[in-house]
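Notes to accompany the following structure.
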Amino acid sequence: MLSTVAGVSAVVSAGLVAGALLGDRVAASQARARLEAASFVTFMQTWHPHFVRFVGPLMLIGLLAGGAWLVLAWPHGNGMERALIAASIAGLVVVAGITATVNVPINGQLMTWSPAAPPADLAARWAPWERAHTARALVAAAVLVLDAVALSL
């Protein structure tokens, strides 16, 4: 019973993280690319605090639920389920690692920029953020698939 609760929690949090990251990647990223520099800075400075408060805790819940699920599933003897759960935890660690090493430092810079005088090299400064965001969105989607398959076993 507890294993199922942990598994469902992991799947739900993985789905919400993947949905938020992929949704932003396929929609907001396209709009951001077309904004004038001042509008881009204003949009991102407004968007960022809300996104962090939503996605950050969900990633933590996913890691905790996945860890609990792995511990609770261990006695069952289903090697495939354990491997999928472990892979999904590793995927979340990758997403968190990308976020911490690339996105967070650039977000920190972003919050210091003035919309009235954005950096002249804004596109060059922002490009690594978008590349990292694409990578973490794809990994988050893979985590969701791994968790969903593990839950079905």
- Message: Pull out all pairs, ordered by first then second residue, where Cβ-Cβ is under 9 Å, the residues are six or more apart or on different chains, the first lies in the stretch 90-112 and is under 18 Å from W47 (Cα atoms) and touching a residue at least 12 places away in the same chain (Cβ under 8 Å), and the second is in a helix (DSSP H, G or I) and among the charged types (D, E, K, R).
- Response: T99/R136; V102/R131; V102/R136; N103/R136; I106/R125; Q109/R125; L110/R125
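Among A83, A120, A90, which is closer than 19 Å to T4 by Cα and out of contact with any His (no Cβ under 7 Å at 6 or more places or on another chain)?
On the way: A120 fails: closer than 19 Å to T4 by Cα; A90 fails: closer than 19 Å to T4 by Cα.
After applying the criteria, what remains is A83.
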- If you go through the stretch 7-53 one residue at a time, how many are under 21 Å from A142 (Cβ atoms) and exposed (fewer than 15 other Cβ atoms within 10 Å of the Cβ)? 4
- Message: Among the residues of the stretch 93-101, are any at pLDDT 95 or above and farther than 20 Å from A14 by Cα?
- Response: yes
- Item | Residue satisfying condition, being assigned to a helix (DSSP H, G or I), crowded, with 17+ Cβ neighbours inside 10 Å and of a type in the set (K, R), within set R136, R125, R131 | R136
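The values are calculated or read from the model by the stated rules, or taken from the named source; none is laboratory data. These figures come from a predicted structure and were not determined experimentally. All Cβ positions, glycine included, derive from the backbone under ideal geometry; neighbour counts span all protein chains shown.
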